[in-house]
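Have a look at the structure below before the remarks.
The values are calculated or read from the model by the stated rules, or taken from the named source; none is laboratory data. Note that the coordinates shown come from a computational prediction; the quantities given were computed from them, not determined experimentally. All Cβ positions, even for glycine, are placed from backbone atoms using ideal geometry, and neighbour counts span all protein chains on display.
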Amino acid sequence: MANKLDKLNELHELLKSGAISQQEFESLKSEIINNENVTHNSPTPETKTPIQENVNKEKISLKPFSDNDGNLIKAPDIQYLNIKDISDAEIKILKPFIRQKQIYSPAEMTSDEIAIGNKIFSALEIAEMNSERPGFNYAFVSIFSVLCSGAALYFITISPCFIILGAGTGLIASLFISITTLNKVDATKLDRTFSYIALALGVIAIIVYINWGK
Amino acid sequence: MKLSRTYLNIAETYDLANKLMVIIFLLVFLYPLFTSYLNFGFSCQHKLIYGTECRSCGLTRGLQSCLSFDFSTANKFNAQSTFIFIVIISQIIFRISLAFILKNKYFANPKNIFKISSLDVFIIVSLLIFNLKYYG
């Protein structure tokens, strides 16, 4: 406010001395008053409130989770984030947290964490972190391939009436599914183990068939 | 590829496998019913290839007789039909009860699931070995 009065006095002195015309005085006066109003309403950077600081940022929800050993992993202390433009420092903090959560507790991922993760991780990185999960990513397919090869072995050893429809189709389906699963980048250890079991059962079924045919 | 919440833990995976097994055993149980009511069935593919009857020939007719509780006729069609009928019935009952038990979170922990699945594999392998040894 004092600044404003000083400037107006200075301007009045200039008018008195004839350095500026009445018209110029009026326009400069209104400019000072208007400018002063703007600066009066918007605080200087030093006095910004947290809400004003985060005017371009959204409030995000990062929640803690427990890893496989039951240890509580705390969420990073970030409450506001511009998801469209995440800084390198923020990525450095967020990446390990989202990575661990996606591996150990994907069901508890918040929609903000998923949005941020999709922004900061590449498709290959996501596939690799999914492959580190302790459970299945292809549960149905993995179990189905084991059941198919088990059925093939059953039809060859116990019930040969269905040797073509049962054993043949079961074996082909099992081999196809397990090889496809093994080629997936995001297949977990369990997915791979089940696929190997299916392949092993399939090989046993083929060996039994060859020997039994003789 | 994008991040997702989709994930099956060990208990849910076993539950899925269990349900798949229920469907398979129900299909095996219903197959003789369908063949008798719809007058539909497959002839022995082993006989078509090798010209001789195999160890499972007459099993469908045997299971049909078992469904009408005529076990002596069933054994005439195929000696192992009564055994397979009992295995199918017990497996259906066991798996449906297991599906209800696993709804309880107290039982559905990884250690219990590991024990149940080990027992499961042991039972199935034992039954197969018994079938092969006893019925030749």
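Summary table
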read-out: Verdict on A:Ile98 being under 11 Å from the mean Cα position of the chain (by Cα), assigned to a helix (DSSP H, G or I) and over 17 Å from A:Lys189 (Cα atoms); value: yes
read-out: Selection status of A:Ser111, facing chain B (nearest Cβ under 10 Å) and either within 15 Å of B:Leu3 (Cβ to Cβ) or surrounded by fewer than 14 Cβ atoms within 10 Å (Cβ to Cβ) (or both); value: yes
read-out: Filtered residues of the range B:50-83 (kept if assigned to a helix (DSSP H, G or I), farther than 18 Å from B:Ser36 by Cα and under 16 Å from the mean Cα position of the chain (by Cα)); value: B:Phe83
read-out: Flag for A:Ile114 being closer than 30 Å to A:Glu58 by Cβ, within 32 Å of the chain's Cα centre (by Cα) and at pLDDT 85 or above; value: yes
read-out: Pairs where the first residue, in the range B:105-133, is farther than 14 Å from A:Ile158 by Cβ and the second is surrounded by fewer than 16 Cβ atoms within 10 Å (Cβ to Cβ), C-beta under 7 Å, 6+ apart; value: B:Phe107/B:Ile101
read-out: Subset of the range A:120-156 (residues that are more than 9 Å from chain B (Cβ to nearest Cβ), within 26 Å of A:Val203 (Cβ to Cβ) and either at pLDDT below 85 or surrounded by fewer than 22 Cβ atoms within 10 Å (Cβ to Cβ) (or both)); value: A:Ser131, A:Val141
read-out: Residues of the range A:86-114 satisfying the condition of being touching a Lys or Arg at 6+ places or on another chain (Cβ under 7 Å) and free of Cβ contacts under 8 Å to residues at least 24 places away in the same chain; value: A:Ala107, A:Met109
